[in-house]
Amino acid sequence: MRVHIEQMKPVLGDREKNLLKMLEAIDKGIASGEELIVFPELCLNGYVLEDLVFETAIKDVPEILLEKSREISIIFGAVEMGEGDYPYNTLFYLEDGKVIYKHRKVYLANYGMFFEGRYFMSGDKVRAFDTKFGRVAMVQGEDMMHQSVQFILAQDNAKYIFVSAAALARLGINKHDISSQWREILKSNSYLNGVYTIFANRVGVEDGITFFGNSMAIAPNGEIIQEADFMKEESLSCELSDRKIRAARIATPIFKNENLDVTKREIERIIKERTN
């Protein structure tokens, strides 16, 4: 699978401009023979939306993106107006002119400079799904900070986990350390679960918040295949192969040795003890 990662800078609240930027990247990906393109979290709307959440939300995927998905599969993030007119932070997977799957962000960041819980409803599913490239999964930002999400998706037989993010750069740390936390989490996910982890982070500044970029693709053995620079718009292209998944799982069979019965029993015990 040839994957294109688009590290873009969305325009806050301007769906039309962001869609045009996305289409430009999509056409380049198609011209280069790439098979799937992945965009950052909320790329269609921008991140620090606050009251613009309702004004910029979509109920249906733009028809032009569905048409383009006949030539290249597309992962993109947007504010989705869901049931009961509640907005969700949603990732869409488009393929062959259809919405194959959508993931509504489960773990809304609601601390420090993040206020997602004030504006979004929380999703309630963590699942892998089938595509022409095999079984994949996708999550947004904070979802990936939870070990349970990584574990569930791997045990649901995802071979490729796409992480779209709006990860911010924190002040007072060295440039080379900006992405160290994310880097270790993503590498650990690939190594422990024997999966590819593809990280598409945005760049730009919104309301004083700077997003660091440094998007990357990580192989099933935990090694970084390719990564983008910090703080600027950039594109990455890389080839992902099932053979490397098999090789990693043979060399380090951690995934194979998981005992789901033990996990289920102990989780049920913990839940019971907490509710008594």
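The values are calculated or read from the model by the stated rules, or taken from the named source; none is laboratory data. Every value quoted in this text rests on a predicted model; they were computed, and no experiment measured them. Cβ: placed from backbone, ideal geometry, glycine included. Neighbour counts: every protein chain shown.
You will find that of Phe230, Phe255, the residue that is in contact with a Ser or Thr (Cβ under 8 Å, 6 or more places away or on another chain), closer than 30 Å to Met1 by Cα and modelled with pLDDT under 95 is Phe230 and no other.
Listed here are the residues, each with its yes/no results for (1) among the aliphatic types (A, V, I, L, M); (2) modelled with pLDDT under 95; (3) under 24 Å from Asn214 (Cβ atoms).
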{"position": "Lys68", "(1), (2), (3)": "no, no, no"}
{"position": "Ala128", "(1), (2), (3)": "yes, no, no"}
{"position": "Met138", "(1), (2), (3)": "yes, no, yes"}
{"position": "Gly172", "(1), (2), (3)": "no, yes, yes"}
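Can you spot a residue in the stretch 68-79 that is over 18 Å from the mean Cα position of the chain (by Cα) and not in a loop (DSSP other than H, G, I, E, B)? Yes: the stretch 68-79 contains one or more residues that are over 18 Å from the mean Cα position of the chain (by Cα) and not in a loop (DSSP other than H, G, I, E, B). For the stretch 42-59, the condition holds for at least one residue, the condition being that it is of a type in the set (Phe, Trp, Tyr), without any contact (Cβ under 8 Å) to a residue 40 or more places away in the chain and either more than 19 Å from Gly204 (Cα to Cα) or out of contact with any Cys (no Cβ under 8 Å at 6 or more places or on another chain) (or both). Search the stretch 86-117 for residues being of a type in the set (Lys, Arg) and in contact (Cβ under 8 Å) with a residue 24 or more places away in the chain, and hand back the single one that is farthest from Asp207 (Cα to Cα). Of everything passing the filter in the stretch 86-117, Lys98 is farthest from Asp207 (Cα to Cα).
Taken together, Val195, Val136, Val163, Val126 contain a single residue that is out of contact with any strand residue (DSSP E or B) (no Cβ under 7 Å at 6 or more places or on another chain), among the hydrophobic types (A, V, I, L, M, F, W, C) and surrounded by 17 or more Cβ atoms within 10 Å (Cβ to Cβ), which is Val126. Please tell me if Gly84 is touching a His at 6+ places or on another chain (Cβ under 7 Å) and either loosely packed, with under 15 Cβ neighbours inside 10 Å or over 30 Å from Ala31 (Cβ atoms) (or both). No; evaluated as a whole, the condition is false for this residue. Only a single criterion out of (1) without any contact (Cβ under 8 Å) to a residue 60 or more places away in the chain; (2) at positive phi; (3) touching a strand residue (DSSP E or B) at 6+ places or on another chain (Cβ under 9 Å) is not satisfied by Lys21, namely (2).
Look at (1) touching a Lys or Arg at 6+ places or on another chain (Cβ under 6 Å); (2) small (Gly, Ala, Ser); (3) modelled with pLDDT under 95 and you find that Gly222 fails only one, number (3). For the stretch 6-18, filtered to residues that are in contact with a Pro (Cβ under 9 Å, 6 or more places away or on another chain) and not in a loop (DSSP other than H, G, I, E, B), the residue that is surrounded by the fewest Cβ atoms within 10 Å (Cβ to Cβ) is Lys17.
If you go through the stretch 176-206 one residue at a time, how many are in a loop (DSSP other than H, G, I, E, B) and over 21 Å from Ala25 (Cβ atoms)? Even if it seems obvious, please write down each step before you answer.
Of the stretch 176-206, the ones in a loop (DSSP other than H, G, I, E, B) are 178-179, 194-195, 202.
If we keep only those that are over 21 Å from Ala25 (Cβ atoms) as well, we get 178-179, 194-195.
The total comes to 4.
Within the stretch 251-276, the set of residues being within 30 Å of Asn221 (Cα to Cα) and either in a helix (DSSP H, G or I) or among the small types (Gly, Ala, Ser) (or both) comprises Ala251, Leu260, Asp261, Val262, Thr263, Lys264, Arg265, Glu266, Ile267. Considering only residues in the stretch 19-66 that are in a helix (DSSP H, G or I), at pLDDT 95 or above and of a type in the set (D, E, K, R), the one that is farthest from Val79 (Cα to Cα) turns out to be Lys28.
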